[in-house]
Amino acid sequence: MIRRVSAAFGCLTMVALAATGARGGDALDPASEVVKLWAQGAPDAKGTDPAKDVPTLSVFLPKPDVATGAAAVVCPGGGYGGLALDHEGKQVAEWLNSIGVAAFVLKYRLAPAYREPAMLHDVNRAIRVVRAGASKWGVDPNRVALMGFSAGGHLASTGGTHFDAGKADAEDPIDRVSSRPDRLILAYPVIVMSEPYTHGGSARNLLGENPPADLVKFYSNDQQVTPQTPPTFLAHTNADAAVVPENSLLFALALRKAGVPLELHIFEKGQHGLGLGTGAKQFNIGPEPGFQAWPKLCEVWLKGQGFLDRKPAQSP
């Protein structure tokens with residue numbers, strides 16, 4: 001049953017994204033700037049089509065009077081086959097701006113043109129780009145969070161468990177910078193890549209059909225948590241039938257075992273894909289009042305972590 005529901009949701013998401021033109025990036029038009037992750041082309045790119053071969057960051061900066069210097073890279077969901085750029089991208093960026101956080105919405109490469117490790121390369125590079133350009137955007141390179149929804153939550157949790165300190169002798173100065181995010185924020189994330197808890201469409205789009213066991217384990221991020229995994233905030237609903245809440249629960253248990261600070265909220269009601277809790281008409285997802293509490297809870301958590309303190313920017 002889980003597999004059938006998950007696959008159906010993935011197909012519906014793909015259709016809705018195509019119908020709304022979200023892949024074209026219209027929802028992110030209000031961004032002040034769009035930055036290519038690699039000016040000379042992404043590694044292993046299969047072409048130069050801006051819509052599928054060129055991963056980018058759309059920049060949303062808070063007003064100077066509320067800016068804290070904190071930043072977040074946002075990974076919208078879409079089953080690794082599309083991107084929900086409005087309610088899991090633009091709307092999230094606007095909320096982050098309202099609490100003083102600079103937002104960078106990531107358009108990462110997708111199936112069927114790409115599978116792993118392209119998405120991992122994209123999210124690691126996104127953190128490096130923001131950190132390396134911190135002075136340009138007025139952000140603190142020591143306060144760069146990584147945030148994701150659904151399959152974008154899987155990508156964010158991948159970035160939070162598969163990072164490196166950078167290569168000091170790299171020719172590209174951006175590659176000399178660490179890709180470790182300072183915080184993780186995961187909303188109804190896919191975490192597990194195996195049955196019975198995975199989201200079948202996301203797993204197939206990322207790994208292909210019948211992936212080897214070691215690859216499934218590598219991308220089952222509950223099995224990749226270490227004490228170096230960033231402090232994490234998780235929000236899910238108990239009623240989510242597409243990406244079951246066991247994904248967040250298993251990640252939280254792994255964080256506890258590793259001694260990583262975490263906060264977990266499982267809300268009773270609400271279907272998958274709620275975004276900030278306001279839903280998305282194009283996906284026939286209505287608002288859920290209870291789930292609308294999670295952004296405020298996340299803000300309180302970030303404040304408690306000192307992440308929203310107004311501090312002067314520092315060098316990476």
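General observations
- Pairs from Lys63/Lys311; Lys63/Lys90; Lys257/Lys296 whose Cα-Cα separation, in the structure shown, is over 18 Å: Lys257/Lys296
- Candidate aspartates and glutamates for bridging to Lys269, where Cα separation is under 17 Å - those fewer than 8 sequence places away on the same chain excluded: Asp240, Glu246, Glu288
- Taking a straight line from the alpha carbon of Lys46, these aspartates and glutamates sit under 19 Å away, with near neighbours fewer than eight places off in the same chain left out: Glu116, Asp122.
- Taking every C-alpha pair closer than 8 Å and separated by at least 6 residues, the mean separation divided by the residue count of region 185-316 gives a relative contact order of 22 percent.
- Pairs of alpha carbons in the chain whose separation is greater than 34 Å (percent): 13
- When peptides 103-109, 277-283 are ranked by their average number of other Cβ atoms within 10 Å per residue, the highest-first order is 103-109, 277-283.
- Packing-based ranking, highest mean first, of 197-207, 48-58, 64-74 given that Cβ atoms within 10 Å are counted: 197-207, 64-74, 48-58
Every number in this text was worked out from the coordinates using simple rules, so none of it is lab data. What you are looking at is a predicted structure, and each value in this text was computed from that prediction instead of being measured. Every residue, glycine as well, gets a Cβ built from its backbone with ideal geometry; the counts of neighbours run over all protein chains shown.
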